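Below you'll find the structure, written out as structure tokens, and then a few comments.
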Amino acid sequence: MQVVVALAGQIHDSPLVRNALNSADLIVAADSGANRLRQLGLLPHIVIGDLDSLKGDDLFNLKAVGVEFEPHPDPEQRTDGDVAIEYALKRGATSIIVVGLFGGPRYDHAVANLYLLTHPSLRQIPTWTVDGWTALTVLNGDGISQAHFQGQIGDYVTITAVSETVEGITTVGLKWPLANATFTRGLNQGTSNELINDRAMVQITRGTAFAAHHFRSERLPTD
């Protein structure tokens, strides 16, 4: 089951984002992530969180059209995004796409939300965040971990070390190939590599890394 989790950051509309939302079996909004979806003309199936940002007419209007609510005041100070992803896992998600991760009023929330993707409970579940024309996933190298990209020649692929070191980095289909390379956190060694055909692969064997695909042509491969 593919689950989309909508957070409270900005959602830059694009066919990439629409494709994720339209193909979702379940859309979970973390608190005011519901309003971000409404700006796109969409509704979540359920809203989860402490509901401190979703009040008054917003609550009334969502309830009036049958959206479910699961209030979750949390004494442990977990974020609404954390709780929403946990809910997605409990519902049996086999893949998760997060939207609205960046661009909200709280920069600290954006950083915390990005690192939600590295949670151990997500290691066996394909998890991406998409916004505008960029899709990002996490590679966890407990053995071989791979990310596959489909796009067009010239699209950017960036690999960023999250752990202190990332080992065994190997790429296929990129302009500047890597073979069993090691990246060190903070050095930005893998920024803006490029696709040389319509498919590419990034693999690591140890550590944790972000792998991002930016579509330069603003057109999906299936268009």
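Would you say S53 is under 18 Å from A135 (Cα atoms) and among the polar types (S, T, N, Q)?
Values: under 18 Å from A135 (Cα atoms): no; among the polar types (S, T, N, Q): yes.
Criteria not met by S53.
Report yes if some residue within region 96-119 is among the polar types (S, T, N, Q) and touching a His at 6+ places or on another chain (Cβ under 6 Å); otherwise report no.
Restricting attention to region 96-119, the residues satisfying the condition of being among the polar types (S, T, N, Q) are 113, 118.
Applying the additional criterion that residues be touching a His at 6+ places or on another chain (Cβ under 6 Å) yields none.
No - not one qualifying residue is present in region 96-119.
Taking region 87-115 only, how many residues are assigned to a helix (DSSP H, G or I), at pLDDT 90 or above and under 13 Å from G33 (Cβ atoms)?
Of the residues in that region, 2 qualify.
Considering only region 16-56, state which residues are part of a loop (DSSP other than H, G, I, E, B) and modelled with pLDDT of 90 or more. Outline the logic, then answer.
Step one: of region 16-56, the residues part of a loop (DSSP other than H, G, I, E, B) are 23-25, 31-32, 40-45, 50-55.
Once the filter is applied, which keeps residues that are part of a loop (DSSP other than H, G, I, E, B) and modelled with pLDDT of 90 or more, region 16-56 yields S23, A24, D25, L40, G41, L42, L43, P44, H45.
Would you be able to say whether some residue in region 7-15 is touching a strand residue (DSSP E or B) at 6+ places or on another chain (Cβ under 7 Å), crowded, with 17+ Cβ neighbours inside 10 Å and not in a loop (DSSP other than H, G, I, E, B)? Please lay out each step first, then the result.
Residues of region 7-15 touching a strand residue (DSSP E or B) at 6+ places or on another chain (Cβ under 7 Å): 7-8, 11-12.
Now restrict to residues that are crowded, with 17+ Cβ neighbours inside 10 Å: 7-8, 11.
Subset that is not in a loop (DSSP other than H, G, I, E, B): none.
Looking for residues that are touching a strand residue (DSSP E or B) at 6+ places or on another chain (Cβ under 7 Å), crowded, with 17+ Cβ neighbours inside 10 Å and not in a loop (DSSP other than H, G, I, E, B), one finds none in region 7-15, hence no.
Consider L59 carefully, then state whether it is assigned to a loop (DSSP other than H, G, I, E, B) and modelled with pLDDT under 95.
Numbers: assigned to a loop (DSSP other than H, G, I, E, B): no; modelled with pLDDT under 95: yes.
Criteria not met by L59.
Of all residues in region 149-178, which are of a type in the set (G, A, S), under 23 Å from D198 (Cα atoms) and surrounded by 15 or more Cβ atoms within 10 Å (Cβ to Cβ)? I'd like the intermediate steps shown before the answer.
Here is the first cut: in region 149-178, the residues of a type in the set (G, A, S) are 151, 154, 161, 163, 168, 173.
Now restrict to residues that are under 23 Å from D198 (Cα atoms): 151, 154, 173.
Answer for region 149-178, where residues must be of a type in the set (G, A, S), under 23 Å from D198 (Cα atoms) and surrounded by 15 or more Cβ atoms within 10 Å (Cβ to Cβ): G151, G173.
One residue is enough: does region 132-147 have a residue meeting the conditions part of a loop (DSSP other than H, G, I, E, B), within 30 Å of L40 (Cβ to Cβ) and not polar (S, T, N, Q)? Before the answer, list the steps.
First pass over region 132-147, keeping only residues part of a loop (DSSP other than H, G, I, E, B): 132-133, 141-144.
Still in the running and within 30 Å of L40 (Cβ to Cβ): 132-133.
Imposing the further condition that a residue be not polar (S, T, N, Q) reduces the set to 132-133.
Yes, there is a match, as at least one residue in region 132-147 is part of a loop (DSSP other than H, G, I, E, B), within 30 Å of L40 (Cβ to Cβ) and not polar (S, T, N, Q).
Yes or no, residue by residue, for (1) in contact (Cβ under 8 Å) with a residue 40 or more places away in the chain; (2) surrounded by fewer than 13 Cβ atoms within 10 Å (Cβ to Cβ); (3) farther than 13 Å from A6 by Cα; (4) not assigned by TED's automatic domain parsing to the domain that holds N180:
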{"position": "N35", "(1), (2), (3), (4)": "no, no, no, yes"}
{"position": "G41", "(1), (2), (3), (4)": "no, yes, yes, yes"}
{"position": "V47", "(1), (2), (3), (4)": "no, no, no, yes"}
{"position": "L54", "(1), (2), (3), (4)": "no, no, yes, yes"}
{"position": "V99", "(1), (2), (3), (4)": "yes, no, no, yes"}
{"position": "H109", "(1), (2), (3), (4)": "yes, no, yes, yes"}
{"position": "P120", "(1), (2), (3), (4)": "no, yes, yes, yes"}
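The values are calculated or read from the model by the stated rules, or taken from the named source; none is laboratory data. If you're wondering where the values come from, they're calculated on a predicted model, not measured in any experiment. Virtual Cβ from ideal backbone geometry, glycine too; neighbours counted across all protein chains shown.
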